Each structure stands twice: as structure tokens, then as C-alpha cells.
Amino acid sequence: MRKLKKMVLIFTLFSTLALFAGISLAADASAPSADQVLKALLNEYKVTFFKHRMTSLVLKDKQIQVEMAQKLAATPEGDFGPKEVAVVRDYLRSISTFKNVDTNQYLGEKMPLLVKGLFSRINEIYTQKLEDLSEKISTLTVISALKNDSKTLDALTNYFKRQTGVSGAAFASLAAQINNAIKFQMNSKQTMATNYFKDIVKNFDAFGTAFKKVDLTTLDSRNIEKIKKYSHKKIWKIVSAAILEEIADLPSEVERIGKIDVNKASESDLLNIPGVSKEMASKIINFRNERGGVITSVHELDSIKGIGAKTVRKLKTALYAKDFVMPEKEWTVMCFINGDNNLEMASLLGINVMERVGSTENMNVVVQIDRIGVEQFGSPEEAQSNTMLDGNWSTCRRYFVQKDSRLFELNSILLEKMGEVDMGAYKNFVEFCKSTITRFPAKHYVVLISNHGSEFGIGGISFDDQSKNHMSTIHIGQALSEVRDFIKNQNGNDLIDLMVFDCCLLAKMEVVKEIADYVHGVYACENVQINWYAYDNFLRTLTSKPDLKGNELAFEYLKSYVDYMRGWVKRQGLVDKMVLTSTAFDMTKFKAFEEAFVKFSSKINEYSDVNPEAVEKALKSVKNLSDVSVFDLIDFVKKVKAEAKDNKEMVKSCDELLKAYGEPVKKLDHKEFHFSAFSDSSFVMGEAHNFIEETGNGLSIGIFTKPTWLTIAAAKPDWGLNETNVMGFLNKFKSGDYPNLKLSQESEWDEFMIKMIDKNN
């Protein structure tokens, strides 16, 4: 991973060097020096910051929006300067798409909404500009450090020293980003770990601390009062430059006001747009027809000969492609990727790997990804997981994945900038799936969630470090139920074809039971999952074998995982160090397995009263896959069977469960992995693990007992566990969400666990 980070950083440095080519061209005597460029960037950053704050405040204050709308509606055109007329009046006329519109009447009717829309868009422009400037400044700083350019670094330090109070507030996050960039270099290059660089780090630590102490609430209140004193003309003057720079789509609540759907527009509709000739209208319609009647983004129009980026920006004021619907394909792959945490870099690289294949004639690949800002990390070590890959935007976006060979840049079609999204809220996951199914219809669907999985309690997935929220196991079931129902209403299919849990620890009986009614096949990992870079193998398989069923596809996903991981663990030297176990489940065979499990849970409950010592012995020796509460179910069943030789019914129950689970019938072993295919009648289609004794059999289950947890407490003194807080956790388990799981409601497993807890209390 460190090598990968270095590669990303080197790529970023060279990219930025290209931006600042004038710095390195010694022959050009007129080229600005690095410190001059840096100063200009810093000044631009400060101005942009305060404009961004101003637009943010306007968006927060409905009264200001209404007052501005009223003033604009009542203001004669002659009271505006020529630039304001061009930007505001003509802009409003263009988005109305009507000629000879009464502008003042239009302003009066639509202006409150348009004020919000304009300022939302301008705020987005400033947000992106701040991100771009932050990246340029921090990268130029690193370049200067690598070149031992003390002049530039001294200029940077002196600039920050002059910033105080409100001015300093503008640079709080930038100081942290520069600090982390330098620390990263110090950690990776020992030659830089000098007192000089250590002093720079100390300086920026101090800057960040001082700047953060500024009362932003007071800053906001001051600015609100300032804004209220501005005339409407002055406000428009402040924002007009941004509008002129990039006139683009209004946000969702106003984006369709007066706009035409580019996929439905007739020639006469297009001719109503100012500046569109008959020839241009004809070109747009022909371009649309060549693409099967579907334009996914207005940006695509700049590939038409004679229509450049400048014209497209104008067209975007009158056209939108939000409601396009792709022709039905065989497959749509929906990827919900939560990088709003320390998996940001892996998440972005994972999408880049998807771009090696991209969407095809028979397959759509759609991604929603949320990133985290560097300021969200608590330490420089954590911040190293943050990346400037593909810029350093830190919000949520949706992409239609296109084929591209560049590993460090997303080149897919940007469908939507969504701002900050709580990726831990299952309703947002459902909304993403529904939107994708509507716009990218298919005969079959793959759903993929990529993030962390949890070992504690009933677990969960998609942990969002900004919202501090995640989807619990119950939420996963609720979400897939709603998605399945939506698919059924769209094309009549009863189930989601394949569910991929690209995370750790989700191959749990609790999870599998919760989603069993909604999916054909499941891929999941019983312990550690590292699969971000195997996506291309899977997408190639899906493209070449579009007729595969969902359960068969689960096995193919497992094969793709093994094919990649064989090389990865070898390169990383982790063949005998990292515990890896992944499984493909055939959910069409789950019912038989579930019936056997229900019988087993009942018998183990009874047997624990007859021979508690034997059960306790089995519990103590079962494979623990996560240090805490995730234990291998099949290993537990085998241990119980070995201890229960005197009880035929218990042994029979164990045998029936093991038979339903399945046994390997074909070994596909490699030097780095055990890889097995199971019989057609088995619940498990395939299982893979590396050569470590602690690996499991492919399916875990929660086991909570006082002795187990106290053993963990003794082995992990740094966890601070003792008998009191262990019992507190276990009692919470008994009264918490676990009894509400489908597994608990339809088996006696929770009763067995509660009995074990109480017996040892």
C-alpha cells in the first residue's frame, strides 16, 4: 500500500509540475518564480474563501434570498451595469427558453427559487475552486521541499504568519493539508527528516491550531449583517464573475425550470434556445440518433464538430439530461462505494480498475462514491489514507463508468454532483439503487457495497466517518427488500441476481438470513477482505458470459477474487500472515440449510442443559476470526459433534447441517490459496482461504459468552476490558438489536446465546 501511495504522489507531483511548467523553464527569464506563483495562489485562495462563505450564508438565510428577489424584480434594467445585465437578465431569459419573455414578470414569479439556484451553483464553483487551489498549493509546497527551495518555503511560512483572526480562518484547512503533505514526505524520505522540515511542520501545526480558534459563528453573523447592508447590485457584482466563468446546471430543486430535456427536444425546441442555429440543432439531433436516442450528459455535445466547450456551457443553461433512460441491457452493476473514511484511496483506485473494462453493449456499470476531506482525519498517519487522486473533492458523486486505461484519474461520465451524502443511511443506498434501475434498466442486476464491515454485535456496513452512521444488518435487509420490490415492479424479476459485500466480516449467518429472500447469489468475506483491485476480472467475466445466473455469478466473483489475490498476497509477502477467507453462496439452496440450522439451534439449546461442560468446551475451542465475536459456524458444529458422541440426536443434527452446507468436491488449489468448488446441491458454491490455520470454513456466526470475552480481555489488555464492562456489553446484546434479527426470530440461536451468558454470569 505504501508503494501505491508513493506512486500516486509521484503522479500528482508530475501533473502539478506540468501546470507550473514556467517555474522550471530557466530559459524563460520572464517566468514567475515558485514563491511568486505560490503567493498569487494564496491570495486567490483567500478571496475565493470569503466569496464561498458569502454564498454559503446567502443559502442559509431565506430572508436574504427573498429580499434579493424582491429588489431584482422591482429594479429597472437601466439601474444595472452592462455586465450585470448580460449575466443576470440574459441568463434568466435563456433558462426560460421563451423568446420575448417579460423579464420583470419572470423575475417576480421565479426569483426566490432562482436566487437559491444561482447561489447554490456559484457555491459549488467556489467549493471546487478551493479544492483545486488547495491541491496546487500543497503540491507546490512538496515540490519546493523536494528541491530544497527554502526561499519558497520561507515565503509560505511568512505569509501564514501574517494571517490573523478572520483572515486566518480562511487557511485553517489548508494549513492542515500542507502539514500532512510534508509529514507524508518526511515519513517516506528519511533525507527530509531534518530540523528544518521539522520546524516547518511545527509552524503549520501552530497555524492550524490558531486558525481553528477563530469563532466562525461570529464570522458568520458579521458577514450576514454585511450582506444585508449590500445593495442587490453589489451582490450580483460579487457573483457575476463566477456565473460568467461557468454557467452550468442549477441544483435539483430548480434545474428543470424552463429547461428542455436534450433527449426529447425537437428541432423547433432547440431553435428557441438563444444562439442555436438550424445547422446546430440538426447536428444535436443526429448525434442523439447515432447514440440510440440517449445523451447521458449535456457535456457530451462538445464532441460534435463545431460545438466546443464554450458553446456547451451556454447550452447547459437551456438543456438538461437528468431524466435520460438507457436502452435495456442484459446487466446493470450498481456500486455503492463509501470512501468517506480511511478507505478513500482504495475506493478511488477501485473505480479506476473498473474503468479498465467500463460499461459495454450488454452491461452498465454505475457508481456512487463519497470521499472524505483531509481535515476529517485525526492524525497525519490517518491522513495518509486521504489522497489527492483525481483532485481532492470531498463530496459525493455518481458516475457512469467508461473504459479508460489511466489508473490515477477518473474519466467516466459524471452523472451528478450530490454534495455531502450520509453513506451510512440505508435510505440513501436505496435511493441510489432505484435511480440507477430507472435510468439504466436491465434484465439482471448486481448490487455491490464497498466499505468496512463490523465484527461487534450484529455488525453492519458502510461506516461514514462524517455522519458517524452506518447500515446495521437489519438495515441491509430492509434496503435489499425495497430494492428487490422496485426491480420486480420494473421488469418482473423476483430477486436481485447477485449481492457483493466488498468488505470484511459480512459472511455471517445473521447477514445471510436477513437477505435470503431478496437475492440469488451472495459473495462475502468471513474475515479480512481486500478486493478493490479485482473488479476488472469480474466485469470481463460478466461481459463475456452475460447468460450466467446470479448464483453462478457469485462463484465467478470468487474466482476473480482468487485470481487477483494470489498475486497480491505474494507481492506483499502476506501469504502466511493475513487471514483471508471468502465464500460464494447459492441462495437458492439456503432454505434446506436454514431448516438444518433451525434444528441444530434447537438441539444445541437442549444439549446445553444435558451436558453444559461439553458445549462450553466446544465454545472455548472454536475458531475466532475477528478477536471479538465472530466465530466460524462450521468449526463450532464440528467441535460440538466431537464432544457429543454420547448424544445421537445432537450428532445427527450436526451431520444434517454439515451436509446442507456442503463439502468440497473439487480442489482448485494454488500456491497461495486453497480454492474449492462444492457440489451443486450445496448451499456453498465455492470457498477460498490462504494457508493459515486460523482461516475458517466460509460462514461465521456471533458467539457471545462471558468466558470468551474475558479470555479476550486478558489477551488484549490495551482494550481496557474487565468483568464489569464485558457484562455490560453482553447485557446490551441480550436487550439490543440481536433478538430482532430474522435469525433470532426464526431459530433458537439467540436463546442459546443468552443462556450461555446467564450461566456464566
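Answer yes or no: is there a residue in the range 737-745 that is modelled with pLDDT of 75 or more, within 14 Å of MET509 (Cα to Cα) and acidic (Asp, Glu).
Looking for residues that are modelled with pLDDT of 75 or more, within 14 Å of MET509 (Cα to Cα) and acidic (Asp, Glu), one finds none in the range 737-745, hence no.
For SER653, all conditions in the list (1) within 21 Å of ASP680 (Cα to Cα); (2) part of a helix (DSSP H, G or I) hold save one; what is the number of the exception?
So the condition that SER653 fails would be (1).
When you go through (1) at pLDDT 95 or above; (2) crowded, with 23+ Cβ neighbours inside 10 Å; (3) closer than 23 Å to SER676 by Cβ one by one for ALA554, which number turns out not to apply?
The one condition ALA554 does not meet is (1).
Given the structure, is VAL262 β-branched (Val, Ile, Thr) and modelled with pLDDT of 85 or more?
Details: β-branched (Val, Ile, Thr): yes; modelled with pLDDT of 85 or more: yes.
It is true that VAL262 is β-branched (Val, Ile, Thr) and modelled with pLDDT of 85 or more.
If the requirement is being in the same structural domain as PHE600 (by TED's automatic domain parsing), at pLDDT 85 or above and surrounded by fewer than 17 Cβ atoms within 10 Å (Cβ to Cβ), which of these qualifies: LYS639, LYS671, LYS648, LYS667?
On the way: LYS639 fails: surrounded by fewer than 17 Cβ atoms within 10 Å (Cβ to Cβ); LYS671 fails: at pLDDT 85 or above; LYS667 fails: at pLDDT 85 or above.
Within the list LYS639, LYS671, LYS648, LYS667, the selection yields LYS648.
Go through (1) part of a helix (DSSP H, G or I); (2) buried (at least 18 other Cβ atoms within 10 Å of the Cβ); (3) not small (Gly, Ala, Ser) and name the single condition LYS427 misses.
(2)
Looking at the range 737-761, which of the residues that are among the hydroxyl-bearing types (Ser, Thr, Tyr) and in a helix (DSSP H, G or I) is surrounded by the most Cβ atoms within 10 Å (Cβ to Cβ)?
Going through the range 737-761, the residues among the hydroxyl-bearing types (Ser, Thr, Tyr) turn out to be 738, 744, 747.
With the extra rule that they be in a helix (DSSP H, G or I), the set shrinks to 738, 744.
On the way: TYR738: 22, SER744: 20.
Only one residue tops the list, namely TYR738.
Please verify whether SER602 is of a type outside the set (Asp, Glu), within 15 Å of LEU743 (Cβ to Cβ) and in a helix (DSSP H, G or I), treating the condition exactly as stated.
Details: of a type outside the set (Asp, Glu): yes; within 15 Å of LEU743 (Cβ to Cβ): yes; in a helix (DSSP H, G or I): yes.
It is true that SER602 is of a type outside the set (Asp, Glu), within 15 Å of LEU743 (Cβ to Cβ) and in a helix (DSSP H, G or I).
Just for the range 506-521: of the residues that are aliphatic (A, V, I, L, M) and in contact with a strand residue (DSSP E or B) (Cβ under 6 Å, 6 or more places away or on another chain), which one is farthest from ILE703 (Cα to Cα)? Reasoning before the result, please.
Going through the range 506-521, the residues aliphatic (A, V, I, L, M) turn out to be 506-507, 509, 511-512, 515-516, 519.
After this cut, where a residue has to be in contact with a strand residue (DSSP E or B) (Cβ under 6 Å, 6 or more places away or on another chain) as well, the list is 506-507, 509, 519.
Details: LEU506: 15, ALA507: 14, MET509: 11, VAL519: 26 Å.
Only one residue tops the list, namely VAL519.
Residue check: is GLY453 at pLDDT below 90 and either among the β-branched types (Val, Ile, Thr) or touching a strand residue (DSSP E or B) at 6+ places or on another chain (Cβ under 6 Å) (or both)?
Numbers: at pLDDT below 90: yes; either among the β-branched types (Val, Ile, Thr) or touching a strand residue (DSSP E or B) at 6+ places or on another chain (Cβ under 6 Å) (or both): yes.
For GLY453, the condition - at pLDDT below 90 and either among the β-branched types (Val, Ile, Thr) or touching a strand residue (DSSP E or B) at 6+ places or on another chain (Cβ under 6 Å) (or both) - is met.
What residue, among those in the range 471-522 that are among the acidic types (Asp, Glu) and assigned to a strand (DSSP E or B), is modelled with the highest pLDDT?
Initial filter on the range 471-522 (among the acidic types (Asp, Glu)): 482, 485, 494, 497, 502, 510, 514, 517.
Now narrow it down to the ones that are assigned to a strand (DSSP E or B): 497, 502.
Details: ASP497: 97, ASP502: 92.
The selected residue is ASP497.
Could you please tell me which pairs satisfy a Cβ distance under 8 Å, a separation of 6+ or placement on different chains, a first residue in the range 423-447 that is in the same structural domain as VAL483 (by TED's automatic domain parsing) and over 12 Å from MET471 (Cβ atoms), and a second residue that is part of a loop (DSSP other than H, G, I, E, B) and of a type in the set (Phe, Trp, Tyr)?
Sorted first by the residue in the range 423-447, then by its partner, the pairs are ARG439/PHE324.
The values are calculated or read from the model by the stated rules, or taken from the named source; none is laboratory data. This is a predicted model, so every value here is computed, not measured. Cβ sites come from the backbone with ideal geometry, for glycine too, and all protein chains shown count toward neighbours.
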